[in-house]
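What follows is a short report on a single structure.
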Amino acid sequence: MGVQLGRRYLLTFSTVISVVACPSLAAAATSQDDSVLALRREMLEMRRQMSAEIQQLRARVVRDEGPGALRPATLAKRQTQVARAAAQPVPWSGPLPVIGDVEGGDRPPRPRTDAETRTALSEGPIPSWAEFKAATTRDENVHIGGMSIGFPSGRPTIASDDKAYAFSVGLLAQEDIGGFMGAGPRGSEGKGNFSNLTENARRLRLYFAWRYKDWVVNLTPDFGSSSVDGSVSLFEANLNYTGIKHTTLTVGYFQPRSEEESAERSGAFEFLERPTIVDLVRNLAGGVARFSVGGEHYEDRWLVAAYFTGQKFGDRNKDTTIVDSQTGGVFRIAGRPYVSKDVDVYLGAGATSAFKVNQNSKGRTYTFSDNVEVPLGETSLLTSGALSDVAQIWAAGPELALRWRRFLLKGQYYHVGVQRGHETNAEQLPSLGFDGWYVAANYTLLGKGRAFNAKTAAFTTPGVVEDFDPFRNHWGALEISGRWSVTDLDGVASQGGAGINGDQQTVWEAGLNWYPTRHVKFMVDYDHFIVSRSKGVSGGYNVLGRDGNALVGRVQASF
């Protein structure tokens, strides 16, 4: 409009100057005025056409969205909606982003954080909604149609752009191969199952997780849930709430953890399996796929957890004569009284109790039994004998750990008490007391040393700073470990029936673990075991006592 006015003034000024200065140009000035008038008429026509189009658009808005669509408040709301839509991530239309660090480019890759160097563990802890949003924001994602697709911690995850809804899939696969040496029987007793070379799918778990804000459902089938290939079961099926800061509340089939060894998660073990005493105690009222109601809360320097528990998944299917299911409880407290860059002191205590054990056609009975800390399907030599008329079983004990730079030393002691009632002859059966302990040492040769995870109150794996690449002199992480564990189940004479006593097992173990990446792990364990005699061992395989050696390797992948 300003250009048009300028043209008008310019033409007028030119006409006046022409008439005054040069009367002979008057005729030309008249023709210029005609051009200005024609231009004005053209502008007025354009204005009428634009007004007509605006009226038509207003009519369409009223027709489609109602008479109030043009009110100021409605228009302001519509502007807000448009602004929000514009703020949403634009769907990706270019090449897919590269997940992880890229080497060999114009600039070196971003250094990994400490958490990014540790083995990816699918068993938690479960992040809150706020933590999940922060984690997915840091990771590479592709936005398609209002959905975000990415791989936080290597787990395929699909989420809405606001992260309120999410679905993810994880994996833990452990394949073992090895055998026994010098584990033959004494005297004329049977050899038992101590293969020279065999294989076993120890854990084959698929972790499915559904999230709606702070509500998370976990479902994990396990296709390798035993020391014998082909055993398929359930690892967990539970509902969790994470809306309270640093707290997770859980109900469903779950694995309540009462000690540091269990809190480590099976993908982060220093050895193939936990110490025997830990496995025996955690299965009293905890263990895998135990019905649980409870929760845990952590801070930087301490953690407390408590669960009320019931039967295990599949108990009544394995024993159809059960008429009264087990109830129990698990409690754990852990703290770090001293922490510095090079030193970490850990103190903890765990307690568990089966208030009542399953009652079946044989009454309330319980048998403590375990293998020699090698998961190859071998015969269990350690036993308490079948304990009858069990009223209650409980266990409690302290644990201690000390980390100094790359060196980690830890140990735990448990006392187990078995209270029994009256047999049919009304004679009071004696109460029993069992004991067990272990001491383990670990040193990280390559990579970052094991570190304390405050969210689980446990020490996690060594850190892989650079993935394995021999051409760049990158070798991943390497650690060496040693452990001594003792479990004594010999309480009183004939505790498992006439002439059947419990026995004692001692295991010396050494292990070497290599982590080429945070998702892959190779393990080699050497195991020397000594087990005292007991007639309570099924098949009579340990009437004279037994000792031997085992060498086992494991390949692990986790996402």
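The values are calculated or read from the model by the stated rules, or taken from the named source; none is laboratory data. These numbers come from a predicted model, not from an experiment. With ideal geometry, Cβ positions are generated from the backbone for all residues, glycine too; neighbour counts draw on all protein chains shown. Accessible surface is based on the protein model in full, side chains and every heavy atom, while ligands, DNA and RNA are left aside. Shrake-Rupley method; radii C 1.70, N 1.55, O 1.52, S 1.80 Å.
Kindly indicate the residue of the stretch 120-136 that is outside any loop (DSSP other than H, G, I, E, B) and in contact with a Gly (Cβ under 9 Å, 6 or more places away or on another chain) and also nearest to GLY154 (Cα to Cα) among those meeting that condition.
Narrowing the stretch 120-136 to residues outside any loop (DSSP other than H, G, I, E, B): 129-136.
Then drop every residue that is not in contact with a Gly (Cβ under 9 Å, 6 or more places away or on another chain), which leaves 129, 136.
Details: TRP129: 19, THR136: 11 Å.
Per the stated criteria, the residue is THR136.
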| field | Positions within the stretch 506-540 being open to solvent by 70 Å² or more (accessible area, probe 1.4 Å) and either part of a loop (DSSP other than H, G, I, E, B) or closer than 19 Å to ALA173 by Cβ (or both), in sequence order | value | TRP514, PHE522, VAL524, ARG533, LYS535
| query | Within the stretch 171-192, is there a residue that is closer than 29 Å to TYR241 by Cβ, at pLDDT 85 or above and either open to solvent by 40 Å² or more (accessible area, probe 1.4 Å) or of a type outside the set (Ser, Thr, Tyr) (or both)? | reply | yes
| Across the stretch 508-553, which residue is farthest from ALA120 (Cα to Cα) among those that are of a type in the set (Ser, Thr, Tyr) and under 24 Å from the mean Cα position of the chain (by Cα)? | TYR515
| task | Confirm whether VAL251 is modelled with pLDDT of 95 or more, buried (at least 22 other Cβ atoms within 10 Å of the Cβ), under 19 Å from the mean Cα position of the chain (by Cα) and β-branched (Val, Ile, Thr). | result | no
| note | All conditions in (1) within 25 Å of ALA349 (Cα to Cα); (2) touching a strand residue (DSSP E or B) at 6+ places or on another chain (Cβ under 8 Å); (3) open to solvent by 10 Å² or more (accessible area, probe 1.4 Å) are true of TYR241 except (1)
| task | Exactly one condition in (1) farther than 29 Å from VAL304 by Cβ; (2) open to solvent by 20 Å² or more (accessible area, probe 1.4 Å); (3) in contact (Cβ under 8 Å) with a residue 24 or more places away in the chain is not met by LEU381; state its number. | result | (2)
| task | Could you look through the stretch 266-293, keep only residues that are open to solvent by 20 Å² or more (accessible area, probe 1.4 Å) and of a type outside the set (Asp, Glu), and pick out the one that is nearest to the chain's Cα centre (by Cα)? | result | VAL288
| said: Need pairs with beta-carbon distance below 8 Å; first residue under 18 Å from SER168 (Cβ atoms) and open to solvent by less than 20 Å² (accessible area, probe 1.4 Å) and within the stretch 197-209, second in a strand (DSSP E or B) and among the acidic types (Asp, Glu); sequence gap 6+ or separate chains. | reply: ARG205/ASP222
| request: Collect the residues in the stretch 470-487 that are in a strand (DSSP E or B), touching a residue at least 12 places away in the same chain (Cβ under 8 Å) and open to solvent by less than 50 Å² (accessible area, probe 1.4 Å), keeping them in residue-number order. | output: ALA477, LEU478, GLU479, SER481, GLY482, ARG483, SER485, VAL486, THR487
| Of all residues in the stretch 323-334, which are open to solvent by 30 Å² or more (accessible area, probe 1.4 Å) and either under 19 Å from the mean Cα position of the chain (by Cα) or under 21 Å from ARG364 (Cβ atoms) (or both)? | VAL323, ASP324, SER325, THR327
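Any residue at all in the stretch 326-337 that is of a type in the set (S, T, N, Q), touching a helix residue (DSSP H, G or I) at 6+ places or on another chain (Cβ under 7 Å) and at pLDDT 95 or above?
Within the stretch 326-337, not a single residue is of a type in the set (S, T, N, Q), touching a helix residue (DSSP H, G or I) at 6+ places or on another chain (Cβ under 7 Å) and at pLDDT 95 or above.
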